[in-house]
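The block underneath contains the structure these notes are about, expressed in structure tokens.
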Amino acid sequence: MDWCSTAKLKLMLLTVVLLMSTDIICLHGSIITGVDNLQCVNDYLSTINCTLRITQTANSSDTNSSYWLIFSKVILEKTFICILRKIDEDYFCSVKISYPMDDDDDDSDYVEVFGDIETFQISFCHNQNNGSEPCKTMVRRYKPSTNIKPNTPCCLTVSHNSSQHNFTWKSTYEEYAEFTNLVDNFKFQLHFFKRGDKHNSDKEVMSRDIYIDQTNYSVDDPIFAPDTEYIARVRSSPNLAFYKGQWSDWSPEVHWKTESAMSDQRTNTFISRMVKVFIHICVIVPLVSLLCYISVKK
């Protein structure tokens, strides 16, 4: 076998390998050379958000191409279209999975959310200039219960009593407790840190992360420096027992300033004085009563 024949054979083998690669999609002469890094997360209510990267040929002049994902419900054979839009280097789409209610269904309190065993098939589609719409299956069994990115927690507040700072918030899933068990399967990350002055970064070294499975937490006062501004925020995640996924976005930040050391000292001095007065009253009143009783007795 001469050198030329060997080179042709290697070229043919390379072509076969490229055509069989799962990372490369050739859609009947389309401008797409690769579609990869598909990531779809959902709020475990009714919305799925997806991002993916589409690689096009360098000499492509097709500016009117359109791309979309099709979500096919495995059991009910329902399909939902998610139109892809380019954002920076990637494409993004969001689709709300909902089914029409039966005409004879009078349950107005029913809220439709994803089911624990629900699955979808995800296909990628491309509209070519010749009008054809080739599609390729990218995910055969997408499970919402294992790809959750929860909605951002809300309503974070900070209150202070005599010795503690108390943090409370909401997961935003409380109203769906009747329809999904996710509301009882969250974990939360509470993050608070000092706010720097104008010569330092906004987030100083002193910070604290707390992981809990409830929507409130108390922190003892000695953890915080006096007369200092702090920032707190919270986020949520499935607890990874049955439901799986990733952290939500951080909640809006809450700002507050601790009391000054002088104020604390005045408070402690006042309390100390009140205790002394109370002790004196407790001693003097019985003594006066005893003297009056002796005088009357005599």
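Just so you know, in segment 63-85 the residues that are small (Gly, Ala, Ser) and within 18 Å of ARG53 (Cβ to Cβ) include one that is surrounded by the fewest Cβ atoms within 10 Å (Cβ to Cβ), and it is SER66. One residue stands out in segment 33-67 among those that are touching an Asp or Glu at 6+ places or on another chain (Cβ under 9 Å) and hydrophobic (A, V, I, L, M, F, W, C): the one that is modelled with the lowest pLDDT, namely VAL35. Among the residues of segment 184-196, is there at least one that is over 21 Å from PRO252 (Cβ atoms), among the aromatic types (Phe, Trp, Tyr) and at pLDDT 90 or above? No. Note on segment 79-101: residues that are modelled with pLDDT under 90 and aromatic (Phe, Trp, Tyr) amount to 1.
Please work out which residue is nearest to the chain's Cα centre (by Cα), limiting yourself to segment 139-175 and to residues that are outside any strand (DSSP E or B) and of a type in the set (Val, Ile, Thr). Out of the qualifying residues, it is THR152.
Counting only residues that are free of Cβ contacts under 8 Å to residues at least 40 places away in the same chain and touching a Cys at 6+ places or on another chain (Cβ under 9 Å), segment 166-190 holds 1 of them.
The values are calculated or read from the model by the stated rules, or taken from the named source; none is laboratory data. Everything numeric here is computed off the predicted structure, so don't read it as measured data. As a convention, Cβ positions derive from the backbone with ideal geometry for all residues, glycine included, and neighbour counts pool all protein chains shown.
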